[in-house]
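Quick notes on the structure that follows.
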Amino acid sequence: MCGIVAYIGHKEAYPILIKGLQRLEYRGYDSAGVALLNEKINLFKTKGKVSELVSHTAHKDTQGTIGIAHTRWATHGEPNSTNAHPHFSESENIAIIHNGIIENYESIREFLLQKGYKFRSETDTEVLVQLIEDVKKEGNYSLFESVRIALNQVVGAYAIAVISTDEPDKVVVARKGSPLVVGIGSEGDFYVASDAAPIVEYTKSVYYLDDEDIACLKANEKLHLKTIKNEVKDPLTEELDLNIDALEKGGFEHFMLKEIHEQPDSILDSMRGRISAKDNTVKLGGVEDYEKHILDAHRIIMVACGTSWHAGLVGEYLFEELARIPVEVEYGSEFRYRNPIITNDDVVIAISQSGETADTLAAIDLAKRKGALLLGICNVVGSSIARATHAGVYTHAGPEIGVASTKAFTAQVTVLTLIALRLGFLKKTIEEPVYHSLIKELEDIPNKVEEVLKTEKLIKEIAAKFKDARNFLYLGRGINFPVALEGALKLKEISYIHAEGYPAAEMKHGPIALIDENMPIVVIATKEGNYEKIVSNIQEIKARKGAVIAVVSKGDTTVAAMADYVIEIPKTEELLVPLLATIPLQLLSYHIAVMRGCNVDMPRNLAKSVTVE
Ligand code: M6R
């Protein structure tokens, strides 16, 4: 899980590559490197962030109109400058950047060691570049052919860009299992990247490589495309629908804060054109042709990881309540390894912001082989999961750069609500007045989110009070249990405070033992749902001196009298509470993390999309 960028054309490559890496830094930030091709290849790499690479290259020769660059999230070998990309072949005539994992690298390494090759790093990527050099030497092939032949010997995932001093006017790129986009510039130049973010300011005309595509890029020539099996392909270019402003912080201190504040718009965008209270309709063009198949399904299996898995849990509640279809929610990483029983009567819904999460991808691959219908709920258009599924609904939340997922979650929950409403309507499992009031209320959710965001000042005060806590508990019941899980995950990942989410009633079966005056407990205690039960749970906490931070419905006085802090959110339908209750928890985590001096947008050890197992 890394970010890769390449450029070939008439402009200076270095600034384009560095800017591109900065845009991709959310994918990994252990180390960074750049290689520029002139008569020889000038290679610079460092441990740490792109800013450290920039300091490292100051006063060095970074000239050249062809280059490749990389920002890494370590898999093989610790994050140091030796293991950083690009990697040289032994002769230093070839350099490569790679995102993915070469699974059979040990056997290839052994083969190359026996032939006398020496290795500088511990990476699987260096093995690949040495293999390319070996193929080239043995067969006297062109760079393109050498890469193509070498890739046929490789098991695993890759998005690569390769340059060579022997052919100093080309960049060869290829992909399998890891994303790669080529932007076709208007001046005969090409921009390559792991996603469209580094490309959009130069061109909107892009080609998303398919698995096993390999392309040769030469300035002023057409993109030369084949499969690694040597079949010639026509590159079908697409027009990017991405706004450059969406990739900037827009005056906010962090992307995460900007993305939290974007939620009135992102939720609206995820509903746009799909819902109308006036006409009393929900329409989802992306899955229209499959509605009968979904309604006939024996069950729906949602597969996802992390925050998207939490959205799946909310989805389970919505689907079962509104459409009366049995739902199971699975972690992609577990599902794929336990021989699950899947038939062609099952529908599998993969939920993923990035659309690149390796475990989710592998899970749908398995489900596909077993005959299930696959649907995707992805944010990134053209992503691997979006392409691997039969149909789907994009969340349209806009680019999410902060590693902690925020607006993607509420957009996923919105889309799941729309699907559940549509299925319930078709199945006649929702009564007409309920259907109508849910649509009406859903349309009003962006305004209510706007109102929730106004609690930020209070949340900041609460954050200041609890920023030094060592543990947190998050409790919710019913549809708000996944909200508790999500609140705990947000706090863990960006502030490094241990936090657990629990169904409130489960507390007495164990976690209650943890409660004392040092334990802050966030409780989602809105009027909708099991209110009286939650009130009892709060009493149990207070009896043990726990500090309660309660998210309550506007005007609540009962919980307000018991809790240490209350955050009010507007009243809404029970099924829509997660769309509002999640937001204070995002803000609480954000402010605690900032007060603890944590790097909110790039928390340690994490990366935005986990494209490794
Ligand atoms: O891109 P995806 O939605 O598939 O990513 C899944 C998880 O890796 C992701 O939600 C992760 O848990 C986030 N860091 C949570 O904030």
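The values are calculated or read from the model by the stated rules, or taken from the named source; none is laboratory data. Just so you know, these numbers come straight off a predicted model, no measurement behind them. Virtual Cβ from ideal backbone geometry, glycine too; neighbours counted across all protein chains shown.
Of all the numbered requirements in (1) touching a residue at least 12 places away in the same chain (Cβ under 8 Å); (2) part of a loop (DSSP other than H, G, I, E, B), Gly597 misses one, and that requirement is (1). On inspection, Ile385 qualifies as within 11 Å of the ligand (Cβ to nearest atom), hydrophobic (A, V, I, L, M, F, W, C) and either at pLDDT 90 or above or touching a Phe, Trp or Tyr at 6+ places or on another chain (Cβ under 6 Å) (or both). Would you pick out the residues in segment 543-594 that are among the hydroxyl-bearing types (Ser, Thr, Tyr), in a helix (DSSP H, G or I) and more than 24 Å from Thr307 (Cβ to Cβ)? Listed by number, the list holds a single entry, Thr558.
Summed over segment 302-326, the residues that are within 12 Å of Ile351 (Cβ to Cβ) and more than 16 Å from the ligand (Cβ to nearest atom) give a count of 1. The set of residues in segment 560-603 that are within 15 Å of Leu458 (Cβ to Cβ) and at pLDDT below 95 contains only Ala560. Residues that are in contact (Cβ under 8 Å) with a residue 60 or more places away in the chain number at least 1 in the following strands (runs of 3 or more DSSP E) confined to segment 279-394: 299-304, 346-352, 373-378.
Residues in segment 179-205 that are touching an Asp or Glu at 6+ places or on another chain (Cβ under 7 Å) and either surrounded by 23 or more Cβ atoms within 10 Å (Cβ to Cβ) or among the polar types (S, T, N, Q) (or both): Pro179, Val181, Ser205. Among the numbered conditions (1) free of Cβ contacts under 8 Å to residues at least 60 places away in the same chain; (2) over 19 Å from Gln130 (Cβ atoms); (3) polar (S, T, N, Q), the only one that Asn83 does not meet is (2).
Residue by residue, here is whether (1) over 19 Å from Trp309 (Cβ atoms); (2) among the hydrophobic types (A, V, I, L, M, F, W, C); (3) surrounded by 24 or more Cβ atoms within 10 Å (Cβ to Cβ); (4) not assigned by TED's automatic domain parsing to the domain that holds Ile567 holds:
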residue	(1), (2), (3), (4)
Glu461	yes, no, no, no
Lys467	yes, no, no, no
Arg470	yes, no, no, no
Gly476	no, no, yes, no
Lys490	no, no, yes, no
Ile494	no, yes, yes, no
Glu500	no, no, no, no
Ala504	yes, yes, yes, no
Lys508	yes, no, no, no
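Checked against the criteria, Leu236 does not count as buried (at least 17 other Cβ atoms within 10 Å of the Cβ) and aliphatic (A, V, I, L, M).
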